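**Q** Here it is, the structure, as structure tokens.
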Amino acid sequence: MSKPKIGLYWCASCGGCEESVVDVAENILVVAQKADIVFWPVAMDFKYKDVEALADGELAATLINGAVRTSEQEYLVKLLRKKSKVIVAHGSCAHLGGIVGLANFSTRNSVLERAFKEVSTMNNPQGILPKEKSEENGKELELPYFYNTVRTLNQVIDVDYYLPGCPPPPQLVAKAILTLLDGPLPPKGSVLADTKALCDTCSRRDTKPTKIKLKRFKRVYEVEIDPERCFLDQGIICMGPVTRGGCEERCIKANYPCRGCFGPLDNVKDMGAKALSFIVSLIDSNDEKEIKEIIESIPDASGLFYRYGLAASLLKGKKGES
């Protein structure tokens, strides 16, 4: 009896989610015993034609990480949707847009101008920008089209499950793959992590005061952080109260506050707005001028509250050229 087939694909991301699969370590052998990996471009030499040749639904499951930014990525995820029984949005970028989704605060042209003309590491005296088509030595070359906005995976194709994290912990990746192969499957649309906030399982939860009131928000480099005490009680913004648990507290255990990579809890439409509401409730002042000063102690509120979820938010990003 042939084994089920699975695929893995990488869109707009840093590559950390691919590393999370590698970090499954010896458990990848358990996966290999149960399934054949028939598409994984980052690790094995497969071609697009190999996927195109598959029958519709032939793949038992495909894990797709990264947001969708180019025409090539859109083509591949639509193709993989057609060839797969189950699609998993693997990691924050596929799930919510991720760090790359912050580019939605800029337009397509401003992103290209910055990357190819303005950064100090770029040597481009002629100011050449990437073009879809060009000719070199009599041959026509073509690049994928770079869309104006970053989109989450479920804004492009139908997604069955979500594996959160930047990147997801290897144990969570292994568990998700084995669940897809062995069952029972959770309800469609499930996020494959805790249903409660990170604060609910945080090792510092007992040091969190019942009521927190702050005159100033501190950045991590400004204070010597007590490794045993709640970050919020130290005046440091932590997204734990509005972030889904299941990350194994990797940041917390490294003495760094949660930044929200596991995304919102169920039924929260806009994690940034939820976080902003929560943070504002901590301000200890009724004076308009003082409130403004306290808020200004947060240097990049939009980048903080929408760090991982701008593309999935109600804001979506800046409107601009198509």
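The numbers here are math on the coordinates, done by the rules we state, and not lab data. What you see is a predicted model; the values in this text were computed from it and never measured. Glycine also receives a Cβ, built like all others from the backbone with ideal geometry; neighbour counts cover every protein chain displayed.
**Q** Beta carbons within 10 angstrom, averaged per residue: use that to sort the peptides 197-203, 213-219, highest first.
**A** 197-203, 213-219
**Q** While we're looking at this one, here's another question. Counting alpha carbon pairs within less than 8 Å and at least 6 residues apart, what relative contact order, in whole percent, applies to the stretch 198-305?
**A** Here the relative contact order equals 30 percent.
**Q** Same structure, new question: At q = 0.10, 0.14 Å⁻¹, what is the base-10 log of I(q)/I(0) for the chain according to the Debye formula with one equal point scatterer per Cα and no solvent? Please give it to two decimals.
**A** Values returned for q = 0.10, 0.14 Å⁻¹ are -0.66, -1.14.
**Q** Sequence gap at least 6, Cα distance under 8 Å: using those rules, report the relative contact order of the chain to the nearest whole percent.
**A** Here the relative contact order equals 20 percent.
**Q** Given all pairs of different Cα atoms, what value in angstroms does the Kirkwood hydrodynamic radius of the stretch 26-183 take?
**A** Final number for the Kirkwood radius of the stretch 26-183 is 17.7 Å.
**Q** Among the DSSP beta bridges whose two residues both lie in the stretch 1-193, what percent are antiparallel, rounded to the nearest 5?
**A** The antiparallel proportion sits near 25 percent.
**Q** Could you point to the residue in Val159, Ala273, Thr121 farthest towards the positive end of the chain's charge dipole, with +1 and -1 charges on the Cβ of Lys/Arg and Asp/Glu respectively?
**A** Projecting each Cα onto the dipole axis, the largest value belongs to Ala273.
**Q** Among 248-258, 171-181, what's the highest-first ranking by average C-beta atoms within 10 angstrom per residue?
**A** Ranked from most to least packed, the peptides come out as 171-181, 248-258.
**Q** Rank these for me by crowding, His90, His95, going from fewest to most other beta carbons within 10 Å.
**A** His95, His90
**Q** Could you list, in their original order, any pairs among Lys175/Lys316; Lys117/Lys139; Lys78/Lys133; Lys49/Lys139; Lys5/Lys253; Lys213/Lys253 whose Cα atoms are separated by more than 29 Å?
**A** Lys175/Lys316; Lys5/Lys253
**Q** In the stretch 198-305, what is the volume of the convex hull around the alpha carbon atoms, normalised per residue and reported in Å³?
**A** It comes to 105 Å³ per residue, whole-number rounded.
**Q** What is the ratio of the Cα radius of gyration of the stretch 64-144 to 2.2 N^0.38 Å, with N the residue count, to two decimals?
**A** 1.39
**Q** Once the piece of chain linking Ala32 and Asn123 is laid out straight, how much longer is it, given 0.36 nm per residue of separation minus the C-alpha distance between them?
**A** 28.3 nm
**Q** Can you pull the one-decimal nm distance between simple spin-label points at Ile295 and Glu249, each 7 Å off the Cα toward Cβ?
**A** 3.4
**Q** Pairing rule first: another cysteine's C-beta must sit under 4.7 Å. Under that rule, which cysteines of the chain stay single?
**A** Cys11, Cys14, Cys17, Cys93, Cys199, Cys202, Cys230, Cys238, Cys247, Cys251, Cys258
**Q** With a point put 7 Å past each Cα toward its Cβ, work out how far Lys131 is from Glu72 in nm, to one decimal.
**A** Once both label points are built, they end up 1.9 nm from each other.
**Q** Take the alpha carbon atoms of the stretch 90-163, find their center, do the same for the stretch 196-248, and report the distance between the two centers in whole angstrom.
**A** Their Cα centres are 35 Å away from one another.
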